[in-house]
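Undergrad: Provided herewith is a single structure, encoded as structure tokens, for subsequent inquiry.
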Amino acid sequence: MAHEEGATPESAAAQEEVLEGVLEDSTQQESTTAEEGEEQDLTLLLEDARAKADEHWNQLLLAKAETENVRRRARQDTENAHKFGLEKFALELLPVKDSLEMGLAAVEADPEASDDARLAQLRQGTELTLKMLTAAMEKFGIEALNPIGDSFDPALHQAMTLQESADHKPNTVIAVMQKGYLLNERLIRPAMVVVSRAVTETAAGTDETPKHIDEQA
């Protein structure tokens, strides 16, 4: 107490300066600690963002590689479809060609055979080959159109000429000049046909006149 009572104004001021210095140091330490904490938080956030960016980049590279693989496989499938789409049909046609070649070889191998025998062999071989070809075409959905007796259908038939006929209804296919064909129910070639039309009165009168003359004779 004797010491406090004897304190001078100069010593009190010195104490205040010391206290202010201590407070200032404490404040600076707290500020430094807060800044370091913020810096650590920012570092963690940056590392987390960088990790996510790397993950997304890797996912993008994988997706791009997978897309390129799918595109390459599709291109190869398309090329193979163009190149080898007829492979199965070609395999079905090979026996037909073999049959034709064997038929010709059989005829040529017997020079002593008569013309009738040769013709019979050719006919038999041709009929067999035609059956094989028809079976191969049906296997691949190719269907022949032979519309004789049917009503004319411009969607399936190509009229080559009109012919008067008293034995058929008008607009009826009375002859087929060339068969048409469907591929899986889609027309690939129309049938070339002759279509009936009604007999005109002039023609009918022409038919009756000679008959009347014959009766008088």
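Undergrad: For residues that are more than 30 Å from Asp98 (Cα to Cα) and either outside any loop (DSSP other than H, G, I, E, B) or touching a strand residue (DSSP E or B) at 6+ places or on another chain (Cβ under 7 Å) (or both), tally how many sit in region 131-154. Full working, then the answer.
TA: Initial filter on region 131-154 (more than 30 Å from Asp98 (Cα to Cα)): 147-154.
If we keep only those that are either outside any loop (DSSP other than H, G, I, E, B) or touching a strand residue (DSSP E or B) at 6+ places or on another chain (Cβ under 7 Å) (or both) as well, we get 147-152.
Matching residues across region 131-154 total 6.
Undergrad: Looking only at region 112-130, filter to residues that are open to solvent by 50 Å² or more (accessible area, probe 1.4 Å) and not in a helix (DSSP H, G or I); which one of those is farthest from Val173 (Cα to Cα)? Before the answer, list the steps.
TA: Residues of region 112-130 open to solvent by 50 Å² or more (accessible area, probe 1.4 Å): 112, 114-116, 118-124, 126-128, 130.
Next, only the ones that are not in a helix (DSSP H, G or I) stay: 112, 114.
Details: Glu112: 46, Ser114: 41 Å.
Per the criteria, the residue is Glu112.
Undergrad: Please find, within region 63-111, the residue that is most open to solvent (accessible area, probe 1.4 Å) out of those that are outside any helix (DSSP H, G or I) and not aliphatic (A, V, I, L, M). Even if it seems obvious, please write down each step before you answer.
TA: Pass one, region 63-111, residues outside any helix (DSSP H, G or I): 85-86, 109-111.
Next cut, not aliphatic (A, V, I, L, M) only: 85, 110-111.
Working: Gly85: 57, Asp110: 63, Pro111: 90 Å².
Of everything passing the filter in region 63-111, Pro111 is most open to solvent (accessible area, probe 1.4 Å).
Undergrad: Can we say Met160 is at pLDDT 95 or above, out of contact with any Gly (no Cβ under 9 Å at 6 or more places or on another chain) and open to solvent by 90 Å² or more (accessible area, probe 1.4 Å)? Talk me through it step by step, then tell me what you get.
TA: Numbers: at pLDDT 95 or above: yes; out of contact with any Gly (no Cβ under 9 Å at 6 or more places or on another chain): yes; open to solvent by 90 Å² or more (accessible area, probe 1.4 Å): no.
Judged against the criteria, Met160 is not a match.
Undergrad: On to the next question. Cβ-Cβ distance below 7 Å, separation of 6 or more or different chains: which pairs start in region 17-29 with a residue that is in contact (Cβ under 8 Å) with a residue 12 or more places away in the chain and end on one that is open to solvent by 100 Å² or more (accessible area, probe 1.4 Å)?
TA: none
Undergrad: Of the residues Gln76, Gln121, only one is free of Cβ contacts under 8 Å to residues at least 60 places away in the same chain, over 30 Å from Arg197 (Cα atoms) and over 37 Å from the mean Cα position of the chain (by Cα); which? Outline the logic, then answer.
TA: Working: Gln76 fails: over 37 Å from the mean Cα position of the chain (by Cα).
Answer to the selection: Gln121.
The values are calculated or read from the model by the stated rules, or taken from the named source; none is laboratory data. Everything numeric in this text was worked out from a predicted model, so none of it was measured. No Cβ is skipped: glycine too gets one built from the backbone with ideal geometry, and neighbour counts run over all protein chains shown. Areas reflect the complete protein model, heavy atoms only, side chains present, ligands, DNA and RNA absent. Shrake-Rupley method; radii C 1.70, N 1.55, O 1.52, S 1.80 Å.
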